[in-house]
Amino acid sequence: MKDFLLLRATLFLLLVASAWYLKPFGMEGVFAAGVGAVLCAVILLFEHRIREITLKRLIGAALGSLLGIIGAYLISLVLDKALAGDRATLPFLELAILMWMTYCGLVIGAHKGDMLNLAALGGVFGGEISAKQTFKILDTSVIIDGRIADIVETGFLDGVLVIPQFVLRELQLVADSADSMKRNRGRRGLDILQKIQKNPDLQVRIVEDDFPQVREVDMKLIELAKVYSCKVVTNDFNLNKVATLHGVEVLNINELANALKPVVLPGETMKVFILKEGKELNQGVAYLDDGTMVVVDHAKKQISKTIEITVTSVLQTTAGKMIFGRYDERIHSVEKPAERAASN
């Protein structure tokens, strides 16, 4: 912290002293020094972008500083011709632009350096052991779904959530749709993103990377994941399969939800509310609180009633879990008179 204070103080003194000596814009004394102080304050506004310094950030900062110096040199060539007659102001402007662009390049390069893929260099920098950040790309479907906001609040997703600009464009198109259902889904997705961004313990980054040669958004996500070695967070079954074929890791929200559903074993009893008639003869259908479908034999006459059933089997599919049970009307017809006699 002291080093940063010293750096800030040095930058401040250099700019104030330069302005005092060079007298920019014809100003002298305190007014000239004030110009240097204001410029220093503007430059330091960018400092909040610097957080942790890792090897990736150092490389990004070095590249950013180099680009800043090159940009400052090119601008100075233009200023030499534009302000050829004002030799008092020109040197100060050139110096100020050099400091400004170098400082901005350093800060921005360091901030964006985390997105560098150093693995492409063959492991030359693999010896760095630091707090490695992992990046996870959100697709449109998982944003609209909404459950991702609850998951990130629990802390189960670490690292940085990356939201590509082309995903935001797709969300905006859905939100502006003439179809009221699509419009509501798109607006819900935008609300979910705002909720995620307000989480102080979570880093969210919007990246501008695009792949104009790729038309489908799903393929753009896969290409972006390949570039930055990211995982894709989705609940789209087809995107899950295609990404796996391309060697991209996928975090499927639906698979997570299925894994968290309570384990039910054949022979156990459970109470369910029969909601509607099943497809087969004399079947009833119920749903658990988590959305799991329960198909009950001999329960057609029990629609709109809560009954106790015996689980016969559990079927796990890629779409979710289904529970099959049986309602024994003879057992319940015996139990009911017994319960009434006990109550009397």
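A few remarks follow.
- Taken over region 227-254, residues that are acidic (D, E) and either surrounded by 14 or more Cβ atoms within 10 Å (Cβ to Cβ) or more than 28 Å from L315 (Cα to Cα) (or both) amount to 1.
- Any hit, region 165-181, residues being aliphatic (A, V, I, L, M), within 22 Å of E249 (Cβ to Cβ) and not in a loop (DSSP other than H, G, I, E, B): yes
Here is a yes/no grid of residues against (1) in contact with a His (Cβ under 6 Å, 6 or more places away or on another chain); (2) within 20 Å of I148 (Cβ to Cβ); (3) without any contact (Cβ under 8 Å) to a residue 40 or more places away in the chain:
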site: K231; (1), (2), (3): no, yes, no
site: N235; (1), (2), (3): no, yes, no
site: I253; (1), (2), (3): no, yes, no
site: L260; (1), (2), (3): no, yes, yes
site: V263; (1), (2), (3): no, no, yes
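- Condition met for V296 (part of a loop (DSSP other than H, G, I, E, B), of a type in the set (A, V, I, L, M, F, W, C) and over 25 Å from Q165 (Cβ atoms)): no
- Flag for I196 being of a type in the set (A, V, I, L, M) and surrounded by fewer than 14 Cβ atoms within 10 Å (Cβ to Cβ): no
- Of the residues screened, L224 is one that is farther than 19 Å from D145 by Cβ, modelled with pLDDT of 85 or more and surrounded by 19 or more Cβ atoms within 10 Å (Cβ to Cβ).
- The condition (being closer than 25 Å to T292 by Cβ, of a type in the set (F, W, Y) and outside the structural domain of R326 (by TED's automatic domain parsing)) is satisfied by just one residue among F211, F237, F273: F237.
- Residues that are touching a Lys or Arg at 6+ places or on another chain (Cβ under 7 Å) and in a helix (DSSP H, G or I) within region 144-159 comprise I144, A149, listed in sequence order.
Each row is one residue, and each column tells you yes or no for (1) at pLDDT 80 or above; (2) buried (at least 16 other Cβ atoms within 10 Å of the Cβ); (3) not in a loop (DSSP other than H, G, I, E, B).
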| residue | (1), (2), (3) |
| --- | --- |
| G68 | yes, yes, yes |
| A72 | yes, yes, yes |
| L77 | yes, no, yes |
| K81 | no, no, yes |
| M99 | yes, yes, yes |
| Y103 | yes, yes, yes |
| L106 | no, yes, yes |
| K112 | no, yes, yes |
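- Condition check for L95: more than 37 Å from the chain's Cα centre (by Cα) and either within 17 Å of L106 (Cβ to Cβ) or at pLDDT 80 or above (or both): yes
- Once region 194-226 is narrowed to residues that are outside any loop (DSSP other than H, G, I, E, B) and of a type in the set (K, R), the residue that is nearest to S141 (Cα to Cα) is K220.
The values are calculated or read from the model by the stated rules, or taken from the named source; none is laboratory data. All values reported here derive from a predicted model rather than from experimental measurement. Here Cβ is always computed from backbone atoms with ideal geometry, including for glycine, and neighbour counts include all displayed protein chains.
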